[in-house]
Amino acid sequence: MNRDQKRINEESKNLSVRFETDVLVVGGGPSGIIAALAAAEEGQKVMLIENRSFLGGNMTIGLPILGFLGQKGNQVIKGLPQKFIERLQAINAASEHRPCPLHMSITLVEPEAVKNEALSMLVEKGVDVMLHTYFVDSIIEEGEIKGVVIESKAGREAILAKVVIDCSGDADVAYRSGVPCEKGNSQGGMQPPTLMFCLGGVDTEKLRNSIHSEPRTYLTDFIPAEYYGQNNQFIVVGLRELMAKARKDGYQLPTERTIIITGLRKGEVWINMSSVHGVDGTDPESLSRGEIKGREQVKDIEEYLRNYVPGFEKAYFSKMAPFLGIRETRRIVGKYVMTKEDVLECRRFSDSVAVASYPLDLHHPHDGGCTLQWCGDCYDIPYRSLVPQKVEQLLVAGRAISTTHEAMSAIRVMAPCMAMGEAAGRAAAISIKEGIKPSQINVGVLRQKLSNSGAFLNPKEEESGIVNS
């Protein structure tokens, strides 16, 4: 479709202000939920808007939460993200943080419970939650964001706020506000999305015992066979030889690896194997093609699993994820741009507001491959990477913070995104209480608040000896 063939002028509108609030969080995914909770804990009037009918984002599509544990086995994400997991654990809707040789750790969550508990926690804290509400534009005056324009069944309206936190995942607010943004690698190629789906009736004991006892037949990537002998809930990555046989028999499989994630319910597994290349998650036509292609890919993947992978003989299709899982779209250019070297060299920062340990995990934009690189320990996420250039009173949390394409592949997983959300929420509150811009706050005060909440931070500058200011 040629979108330049016709243009119309939209008549300027006088918008009614639906709400005025202290902190407005745009996006109800992992970072947005925690950002809203943090700001509310600090005594602020908080509103969160979300365009879907539920909260949770990628926590609702069958993915485990990656990154709570570090490469040395210690827990590096704590604070409010940990409290959220404990809330789920209290109703048997989350596992413990399980060490994983490939992903450092996996934390299984029940998608439907995430939706309910996230909403309950926000309501309990007094957060005003607006679902079915689309962010469509920013209200900018003299280089500061004053609020946003929303669209819903009620029409076009405005919400005014003292500080806005962009947790859209796609830097939607920042982009519409005039913040410099980047997408993809040097050629614009972005990591491909995946459409998750769930199968029931899987004999997961047969699967794990087959891998454990016959590792030459069921070879996994980086994960030793012993892991499957010790864990009855697990993630499988590999089985490339089985896939090669299936391809020889005519199956169309879009990735190089089989990725199977056991669910919390007996016999339930989630499959992370579709890969739709060339999708731009900021373009509705492209997203629609991705959803269509992803559903087409599921057919062969499902049959491959039944016919080649032990334990899937009686598997049946249970459900599809509610939306395509997007790995990468826009990234802001902030006060500091995190780099691949920052991750691989385990760099520490005097303005660190989160610690992460997940490896560089690049799903190749133009083929079914994936490259992983580990740093051996953990690295800092600096506050400056949450602060955009050119626009004040705006913070960004989640995968859209200021990084390079390579560094984003490490910080994009859900546990670090949740930690960034807590930092942004508490920073917004400091800004409002002290009457200064978020870019001007004393990060030492923010770090103390995060520590008081139980967050894990690397030592201060004078203690660490490894600081990049």
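The values are calculated or read from the model by the stated rules, or taken from the named source; none is laboratory data. The structure displayed is predicted, hence computed values, not measured ones. FYI the Cβ positions are ideal-geometry reconstructions off the backbone, even for glycines, and counts take in every protein chain you see. With ligands, DNA and RNA removed, areas are computed over all heavy atoms of the protein, side chains included. Shrake-Rupley method; radii C 1.70, N 1.55, O 1.52, S 1.80 Å.
With respect to (1) among the basic types (Lys, Arg); (2) more than 15 Å from residue 414 (Cβ to Cβ); (3) touching a helix residue (DSSP H, G or I) at 6+ places or on another chain (Cβ under 9 Å), the lone exception for residue 72 is condition (3).
Matching residues to (1) modelled with pLDDT under 95; (2) hydrophobic (A, V, I, L, M, F, W, C); (3) in contact with a Leu (Cβ under 6 Å, 6 or more places away or on another chain):
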| site | (1), (2), (3) |
| --- | --- |
| 208 | yes, no, no |
| 213 | yes, no, no |
| 217 | yes, no, no |
| 221 | yes, no, no |
| 224 | yes, no, no |
| 255 | yes, no, no |
| 271 | no, yes, no |
| 276 | yes, yes, no |
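Listed by first and then second residue, the pairs with beta-carbon distance under 9 Å, at least 6 apart or on different chains, first residue in region 424-442 and without any contact (Cβ under 8 Å) to a residue 24 or more places away in the chain, second aliphatic (A, V, I, L, M) and open to solvent by less than 10 Å² (accessible area, probe 1.4 Å), are 436/430; 441/427; 441/430; 442/430.
Checking the condition touching a Ser or Thr at 6+ places or on another chain (Cβ under 8 Å) and over 13 Å from residue 421 (Cβ atoms), which residue from 92, 51, 74 passes? Being touching a Ser or Thr at 6+ places or on another chain (Cβ under 8 Å) and over 13 Å from residue 421 (Cβ atoms) holds for just one of 92, 51, 74, which is 51.
Test of understanding: among 55, 63, which residue is of a type outside the set (Val, Ile, Thr) and either in a helix (DSSP H, G or I) or closer than 30 Å to residue 374 by Cα (or both)?
On the way: 55 fails: either in a helix (DSSP H, G or I) or closer than 30 Å to residue 374 by Cα (or both).
The unique qualifying residue is 63.
Do the conditions hold for residue 68, that is, is it of a type outside the set (Gly, Ala, Ser), over 16 Å from residue 418 (Cα atoms) and crowded, with 17+ Cβ neighbours inside 10 Å? Answer is no for this residue. Can you find a residue that is out of contact with any Cys (no Cβ under 7 Å at 6 or more places or on another chain), over 24 Å from residue 37 (Cα atoms) and modelled with pLDDT of 95 or more anywhere in region 395-403? Yes: one or more hits. Here region 6-62 is the region considered, the condition is being hydroxyl-bearing (Ser, Thr, Tyr) and surrounded by 21 or more Cβ atoms within 10 Å (Cβ to Cβ), and the residue that is farthest from the chain's Cα centre (by Cα) is 21. Being within 30 Å of residue 253 (Cα to Cα) and not basic (Lys, Arg), is that true of even one residue in region 336-359? Checking region 336-359: at least one residue is within 30 Å of residue 253 (Cα to Cα) and not basic (Lys, Arg).
Residue under question is residue 435, and the condition is that it be modelled with pLDDT under 95 and more than 20 Å from the chain's Cα centre (by Cα); does it hold?
Numbers: modelled with pLDDT under 95: no; more than 20 Å from the chain's Cα centre (by Cα): yes.
No, not satisfied.
Restricting attention to region 375-391, the residues that are of a type in the set (A, V, I, L, M, F, W, C) and within 19 Å of the chain's Cα centre (by Cα) add up to 4. Assuming residue 255 fulfils every condition listed in (1) within 23 Å of residue 369 (Cβ to Cβ); (2) surrounded by fewer than 19 Cβ atoms within 10 Å (Cβ to Cβ); (3) not acidic (Asp, Glu) apart from one, which condition is it? So residue 255 meets the others, but not (2). Only one entry of 301, 261, 271 meets the criterion of being farther than 30 Å from residue 175 by Cβ and touching a Pro at 6+ places or on another chain (Cβ under 7 Å), and that entry is 261.
Given the condition in a helix (DSSP H, G or I), touching a strand residue (DSSP E or B) at 6+ places or on another chain (Cβ under 9 Å), at pLDDT 95 or above and closer than 21 Å to residue 125 by Cα, answer yes or no: does some residue in region 21-31 qualify? Give the derivation first.
First pass over region 21-31, keeping only residues in a helix (DSSP H, G or I): 30-31.
After this cut, where a residue has to be touching a strand residue (DSSP E or B) at 6+ places or on another chain (Cβ under 9 Å) as well, the list is 30-31.
Filter once more, keeping what is at pLDDT 95 or above: 30-31.
From the residues that got through so far, the ones that are closer than 21 Å to residue 125 by Cα too are 30-31.
Yes.
Give me the residue from region 170-189 that is of a type outside the set (Ser, Thr, Tyr), in contact with a helix residue (DSSP H, G or I) (Cβ under 8 Å, 6 or more places away or on another chain) and at pLDDT below 95 and, out of that set, most open to solvent (accessible area, probe 1.4 Å). Checking each candidate, the answer is 185.
Looking at residue 165, is it over 23 Å from the mean Cα position of the chain (by Cα), touching a residue at least 60 places away in the same chain (Cβ under 8 Å) and open to solvent by less than 40 Å² (accessible area, probe 1.4 Å)?
Values: over 23 Å from the mean Cα position of the chain (by Cα): no; touching a residue at least 60 places away in the same chain (Cβ under 8 Å): yes; open to solvent by less than 40 Å² (accessible area, probe 1.4 Å): yes.
Answer is no for this residue.
When we screen 341, 303, 328, 313 for residues that are free of Cβ contacts under 8 Å to residues at least 40 places away in the same chain and either out of contact with any His (no Cβ under 8 Å at 6 or more places or on another chain) or over 24 Å from residue 443 (Cα atoms) (or both), the only hit is 341.
Based on what the data block shows, is residue 69 touching a strand residue (DSSP E or B) at 6+ places or on another chain (Cβ under 7 Å) and under 23 Å from residue 162 (Cβ atoms)? Against the criterion (touching a strand residue (DSSP E or B) at 6+ places or on another chain (Cβ under 7 Å) and under 23 Å from residue 162 (Cβ atoms)), residue 69 does not qualify. Checked against the criteria, residue 344 counts as at pLDDT 95 or above and under 30 Å from residue 390 (Cβ atoms). For region 278-295, the set of residues classified as in contact with a Gly (Cβ under 9 Å, 6 or more places away or on another chain), surrounded by fewer than 20 Cβ atoms within 10 Å (Cβ to Cβ), part of a helix (DSSP H, G or I) and touching a residue at least 60 places away in the same chain (Cβ under 8 Å) is empty.
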